[in-house]
Amino acid sequence: MSTDLEVLRKHGRTFYLASFLLPVEARADAARLYHFCRVVDDLADEDEDFDAIADIRAQLQGDQPPQGLAAAMLELNARRGLSVEALLHLIDGVVSDQGSVALQTDAELLRYCYRVAGTVGLAMCAVLGVEDPRAHAHAIDLGIAMQLTNICRDVLEDQQRDRRYIPASRPEVKPAVAALLTLADQYYASAVAGLPYIPWRARGAIAVAMQVYRQIGVRLLRQGGDPMQGRTIVPLWEKLAVGAWALVRLPFARKTEHHNSLHGALVGLPGCAP
């Protein structure tokens, strides 16, 4: 079985690159969390093994003896305070994602983004040793921003699998992509405002991952904003340049009040602003 870091290197190249800026223990825990998320997604998306997913849920809830990655997540919960509730919402999001998908509204899209990615941001707060709960809303926003970027990049691939994450209220693909990437930028800006909550030794890794991932949307718009031409790839040289610029700007990041309007569609979900 692949190690946590091997899974991160193979499937999460941007995050793997940024992970070198993390302290050793935090890097190992972040890779373990990524491995868990990847396994759950693969069980649903590739294997359609919903019994195995149900077992993982039961183990996280204490209804079955914990094994494998579920046991690792419970150990992270005990050692770092990682939110098991966030992981359960992640599982809900992944399971809801199967088969034909046709989201109708921006609110529905944002709740989906929360479940499959905002929850990971929330869990990462514990992995990175973030202590101030005010950071949680900003971390969720980073997950949402990245998922919106994913959706805009992968329109063609998703269409081939009968999945449409762009809401039906936005019928024209190119204008919808431009609008959703503009929306993503609002969540990225909130994530930047949350950087000062992260311990300084880990802050650079998140800043780099954030800006490199955002560059996917920047490059997509630069190429005409048409995702039907195929997946947009950011070359390594550009990732390195954007990552370096993120580190240069990092000392200027300042805490600001979270704009609770960003969570208007997320009321009642763990970690979200009221």
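The values are calculated or read from the model by the stated rules, or taken from the named source; none is laboratory data. Small disclaimer: the values here were computed from a predicted structure and weren't measured. No Cβ is skipped: glycine too gets one built from the backbone with ideal geometry, and neighbour counts run over all protein chains shown. Remember, those area values only see protein heavy atoms, side chains included, never the ligands or the DNA or RNA. Shrake-Rupley method; radii C 1.70, N 1.55, O 1.52, S 1.80 Å.
Annotations
- Potential lengthening between residue 75 and residue 104 on full extension [0.36 nm per residue; Cα-Cα distance subtracted]: 6.6 nm
- Per-residue surface analysis assigns residue 157 an accessible area of about 70 Å², computed on protein heavy atoms at 1.4 Å probe radius.
- Assuming charge only on the beta carbon of Lys and Arg (+1) and of Asp and Glu (-1), the dipole of region 8-113 about its Cα centre is about 740 debye to the nearest 20.
- Summarising the amide proton neighbourhood of residue 164: residues at separation of 5 or more, or on other chains, whose placed amide H is nearer than 5 Å comprise 101, 102, 103.
- The slack between residue 219 and residue 13, meaning 0.36 nm per residue of separation minus the straight C-alpha distance, is 72.4 nm.
- Answer label, with Rg and Dmax of the Cα atoms in Å calculated from the coordinates and candidates (i) 20.8, 89; (ii) 28.1, 123; (iii) 17.7, 52: (iii)
- Using the average count of surrounding beta-carbon atoms within 10 Å as a protection proxy, the listed peptides 112-121, 242-251, 138-147 rank, highest first, as 138-147, 112-121, 242-251.
- Protein accessible area in region 72-154, 1.4 Å probe - carbon and sulfur %: 53 percent
- Theoretical FRET efficiency, 1/(1+(r/R0)^6), r = Cβ-Cβ of residue 170 and residue 6, R0 45 Å, to 0.05: 0.70
- Take each peptide in 74-80, 98-104, 199-205, count the other Cβ atoms within 10 Å of every residue, and average; sorted highest first, the result is 199-205, 74-80, 98-104.
- The alpha-carbon of residue 239 sits under 24 angstrom from the alpha-carbons of these lysines, leaving out residues fewer than 8 places away in its chain: 10.
- Sites residue 255 and residue 20, calculated FRET efficiency, Cβ-Cβ separation with R0 30 Å, nearest 0.05: 0.70
- Spatial separation of Cα centroids for region 217-251 and region 75-103, in angstrom: 28 Å
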